[in-house]
Amino acid sequence: MTLATETPMQRERARTIYEKSKPGRRAAALPGAGVPERPLEELIPAKLLRSEPPRLPEIAEPEIVRHYNRLSRRNFDLDSGFYPLGSCTMKHNPRLNERVAALPGHARLHPAQDPRRAQGALELMWLLQGSLAEICGLPHVSLQPSAGSHGELAGLLLTRAYHADRGETRTKVLAPDTSHGTNPASVTMVGYEVVKVATNERGGVEMDDLRAKVDDKVACLMLTNPNTLGLFDENIAEIAGLIHAAGGTLYYDGANLNAVMGHSRPGDMGFDIVHVNLHKSFSQPHGGGGPGAGPIAVSDRIEPFLPRPQVVRRESDNGGGPTYDLDHDRPRSIGRLRGFQGNFGVFVRSYAYILSLGADGLAEASETAVLNANYLKARLAAGRAGKRLPVAFDRHCMHEFVLSGKPMKKELGLATLDLAKRLLDFGFHPPTVYFPLLVEEALMIEPTETETKESLDAFADAVEQILAEAEQDPDLAKSAPYTTPVRRLDEVKATRRPVVRQSL
Amino acid sequence: MLDAIGVDSVAELFEQIPAPLRLDRPLALPDGLGEAEVYERLSALASRNADAEEQVCFVGAGMYDHYVPAIVDAITQRSEFLTPYTPYQPEISQGGLQVMFEFQTAMSELTGLPVSNAGLYEGPSSVASAGYLAMGATKRRRFVASRGLHPHSRETLATYSQGYGAELVEVGLEGGLTDAAALAAAVDDETAAVFLQSPNFLGAVEDVEALGLAAREHGALLVVACDPMTLGILKPPGECGADIALGEGQPLGNRLDFGGPSFGFFCATGEQIRRMPGRIAGETEDVDGRRGFVLALQTREQHIRREKATNNICTAQALNALGAMVHLAWLGRQGFRELGELLAQRTAYARERLAAVEGVELLHEAPVVREFAVRLAAPVSSVLDRCAERGIAAGYPLAREYPEHEDGLLVAITERRSRAQIDELAEALAAAIAAERGALRSDGGQKTPQPGGVG
């Protein structure tokens, strides 16, 4: 395809807001100071002042609105189409949650407000903590971590504090070779060494390898269950027994919690620490890469070390209702992980989601997520994908599954990346590609419970069509996409000679 | 669907979970509610909070009650920005990637440093991430931090330090400012980074350039936390010798939200670009030569580099950074400077007005932009309660985090705080202090015990 056949969107070249700036234009009308004014240099010594204001854009409001509306049309989003990005749980984001988060009592509440004048917010946090504790099967919750990776960091710091408290020094953290990249990155940040554990032929932890690697230097085993292949590890009870017998803690990466809500609980599986991605299972919008929140639920033995402050509830002794407070006096705590109390706005949305679904609704969400994944897996297997893109571990999956594009690459010369890029022309966000690392040419598909059978069918049909077309003309997919605002981008250049800001 | 899968029931799919691990009862949570009921429930909770709509808010301490223009909400609530994931597929994520690029440019301009990332979780954890970067860059494990650094930042840095094995040394304040002699004495050849904040937690503008020399002399990185809203008038950290400038982004286009979500910004010298934490957008071209944007330098990141990554961050705060960018565009170059001046003028007025109140004196006389500290001649907590009864959140009590300033109160000004409101604050403080002193006198001069701690 050549420039001659550009789509209108492609013809519209990217221009930044700085390039639309004209000296003297503006949007904001600020109030006057309204107080007796003095030269700035009398208030602040001249050597501490800047000589020129920063070169921000100069542009009027209508053009700002147009600029960002134009940009928005250059994004694909969940509200526009199917987004089966494995491990990311792209489920519908109810707009009610946005509405309640924006109530002034939430949105304009200062985080340092005296707890006696923020009782509604603290009660909401308390209620959310209780709900997450019940869903995870672990009694204590800290809402403080800001994301899943932050929860991992918290869990490893808690592990370190737990062992230090017992006078033990441990150096290793075990993680399967299928783990999320955040797991080993968090391990290093907390000063441990990562030891990889192999995967068996059913997609679970290789027990002999695990036994060989468990010793008294192991601080923790980090697991996702169902794992990143979308498979439930049936040996989890035995795994937990092994780790606990060696004195380690068991950490649950909650990225895949959406598969088991109301069906199985990490605490009952033997996990000590769990993080929950509120932006995955609990419907916080992903925002193009955040915000999220990664609360942790922990067992009794970990509780004394939880970050401070903690929300506490006090029963009234004079017949009034309970009151809520922030407890800063936690001498064995690992300390703060961030400012204030956490991403409260995310808590509001997730609590609204839990209230909306209720006990049955959450369980049903997981059931439908698992049903949808298995249906899409079966639909794909029945077509060309069955041969070209076989499922990596052929058993029933939970909420997601992983295909291998190895035969497709060998037989048609089509890499998984090419398939992904061609899907863009069909109006789909591609699945996660090249993860987990264990599977060659991996394609990881998570449809979630909020998709209809029609959406799943349409996606399966698109994959079928792309494979059929590749049998005729493999080059078509190799040069895809054609219809997107820009086509394949030179990522190597962006890393070798990075241009990370506009020169003005 | 079940036929296609080849099972009789959904329950069959859950049989891969061993029976003893299957929950044999419903979750002990209430039944689901309809949309209107959920709204009522959440609305009732919200009504039990004294928010800045209900109280006149002079509380700052890192998060401020600025006016967020309506276009910020209109743009950040668009589905196309609200509901996508991280832009792993750049061809269909040009909007979000270009916003990151524009945001990086703006933050680079504000801080005077050439490289910015696309945002981190929030302020204090960004400070801790700078510590991790400094350890990697210097191969040293010792931090020196001013007591003027936000207490939450110091505590977060200490928490992270337990993990990556660093020692944290604190340098005190003199007259509201970092004790320069003590700082110079504390920095040595094992120091990885020196952490300053300007304006510092007590609102005082530090002479970063002079203080930073100690870091330079010993080959330590200079990390400066700053309040973005002061950077329209204050000399940017990049011109004061900072290697890293970072901070809490909430004042730019983000709501108070009881503490989050907001974002942290993180800028550095070009030398540190390959050690940066978080996402960075970069400019490039597509196969037809069209300009485009991608996630650059991904080889730093956890999804590629795993245990060798420069940081573990994955989900950051793209939507919050978008809010900041729209707010900055709305303010514009002139508006941003005017806002900084407005804050300085009103704060100067408020500081003078409050200092004239009987029972109030300045805690320090160092220059300030938008926040200042006073001492009260009556128990702070009781004074705050009395002001709250008049609909005023009078400030942030210093006692918990600065026990040496048990009588200290931090007062913050934004463009939303009018002269009339400042006058009202002065009157409320005067009345509250007089009443408390009266209560003390009638108590026979005994100091009344302060009621329980404040959040």
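Bear in mind that the values in this text are calculations on the coordinates, not laboratory data. These numbers were taken from a predicted model, which means no experiment stands behind them. Neighbour counts are summed over all protein chains in view; Cβ atoms, including those assigned to glycine, are modelled from backbone coordinates with ideal geometry.
Some notes on this structure:
- Near B:ALA225, the amide H atoms lying under 5 Å from its own belong to B:LEU196, B:GLN197, B:SER198, B:LEU246; only residues 5 or more places off or on other chains count, and H is placed 1.01 Å from N.
- The phi torsions of segment A:19-31, fed into the Karplus equation with coefficients 6.51, -1.76 and 1.60 and a -60° offset, translate into couplings of 6, 9, 6, 10, x, x, 7, 6, 10, 6, 10, 8, x Hz, rounded to whole numbers, with Gly and Pro shown as x.
- Cα-based shape type of segment B:345-409, given that a ≥ b ≥ c are square roots of the gyration tensor eigenvalues and the cut on a/c is 1.5: oblate
- With all pairs of different C-alpha atoms in the average, the Kirkwood value for the hydrodynamic radius of segment B:236-347 is 16.6 Å.
- For chain A: rounded, prolate or oblate by the Cα gyration tensor [a/c cutoff 1.5]: oblate
- Cross-link table A:LYS22/A:LYS421; A:LYS406/A:LYS493; A:LYS172/A:LYS280; A:LYS406/B:LYS308; A:LYS20/A:LYS91; A:LYS409/A:LYS453, entries beyond 31 Å C-alpha to C-alpha: A:LYS22/A:LYS421; A:LYS20/A:LYS91
- Karplus 3J(HN,Hα) series, Hz, for segment B:140-151 with 6.51 cos²θ - 1.76 cosθ + 1.60 (x for Gly, Pro): 10, 10, 9, 10, 10, 10, 6, 5, x, 5, 3, x
- Taking only the C-alpha atoms of segment A:3-72, the Rg (one decimal) and the largest Cα-Cα distance, Dmax (whole number), read 19.3, 63 Å.
- Amide H contacts for B:ALA145 (H built 1.01 Å from N in the peptide plane; partners 5 or more residues away or on another chain; cut-off under 5 Å): B:VAL169, B:GLU170, B:VAL171, B:PHE195.
- Overall, the protein assembly as shown carries a charge dipole of about 1800 debye about its Cα centre when +1 sits on the Cβ of Lys and Arg and -1 on the Cβ of Asp and Glu, all other atoms neutral.
- Part-to-part distance (alpha-carbon centres) for segment A:310-347 and segment A:105-158, which is given in Å: 8
- On a per residue basis, the convex hull of the C-alpha atoms belonging to segment B:70-326 measures out at 126 Å³.
- Near B:ASN49, the amide H atoms lying under 5 Å from its own belong to A:GLY120; only residues 5 or more places off or on other chains count, and H is placed 1.01 Å from N.
- Farthest positive-ward along chain B dipole, Cα basis, beta-carbon charges - from B:GLY391, B:VAL56, B:SER381: B:SER381
- For segment B:29-54, the residues whose amide N sits under 20 Å from a probe point set 7 Å from the Cα of A:SER316 along the beta carbon direction are B:44-50.
- Compactness index (Cα Rg / 2.2 N^0.38 Å), segment B:117-163: 1.11
- What you get for segment A:107-176, charging only the Cβ of Lys and Arg (+1) and of Asp and Glu (-1), is a dipole of about 160 debye around the Cα centre.
- Taken residue by residue and averaged, Cβ atoms of other chains lying within 10 Å of the Cβ of A:11-18 number 5.
- Spatially, segment B:359-400 and segment B:170-210 are offset by 24 Å when compared through their Cα centroids.
- More than 42 angstrom apart: percent of Cα pairs within chain B: 25
- Listed residues A:VAL214, A:ASN235, A:LEU337: farthest to the positive end of the dipole of segment A:139-353 (Cβ charges): A:LEU337
- Placing unit charges on each Cβ (+1 for Lys and Arg, -1 for Asp and Glu) gives the protein assembly as shown a dipole about its Cα centre, and among B:VAL144, A:PRO104, A:VAL463 the Cα reaching farthest toward its positive end belongs to B:VAL144.
- For the peptide A:115-125, the mean number of other protein chain Cβ atoms found within 10 angstrom of a residue's Cβ is 6.
- Shielding by partners, peptide A:41-48 (average Cβ within 10 angstrom, other chains): 6
- Estimated vicinal HN-Hα couplings, Hz - segment A:172-180 in sequence order (Karplus 6.51, -1.76, 1.60; Gly, Pro = x): 10, 10, 8, 8, x, 5, 9, 6, 5
- Helical content of chain B, expressed as a calculated mean residue ellipticity at 222 nm, amounts to -12000 deg cm²/dmol (DSSP H runs of 4 or more residues, -39,500 (n - 2.57) each, divided by residue number, nearest 500).
- P(r) histogram, all alpha-carbon pairs of segment A:129-194 included - 10 Å bins from 0, percent: 20, 43, 34, 3
- All C-alpha to C-alpha distances of the protein assembly as shown, sorted into 20 Å bins beginning at zero, yield P(r) values of 14, 47, 32, 6, 0 percent in whole numbers.
- Nitroxide proxy distance, nm - points 7 Å out along Cα→Cβ at A:ARG70 and A:HIS92: 3.4
- Here the sum of -39500 (n - 2.57) over DSSP H runs of 4 or more residues, divided by the residues of chain A, equals -11000 deg cm²/dmol at 222 nm, to the nearest 500.
- This model, with +1 at the C-beta of Lys and Arg and -1 at the C-beta of Asp and Glu, gives segment A:139-353 a dipole about its Cα centre of some 640 debye.
- Remark: the Cα gyration tensor places segment B:139-277 in the rounded category, a/c being less than 1.5.
- Two-site FRET efficiency, B:ASP189 against B:ARG437, from Cβ-Cβ distance with R₀ of 45 Å, rounded to 0.05: 0.30
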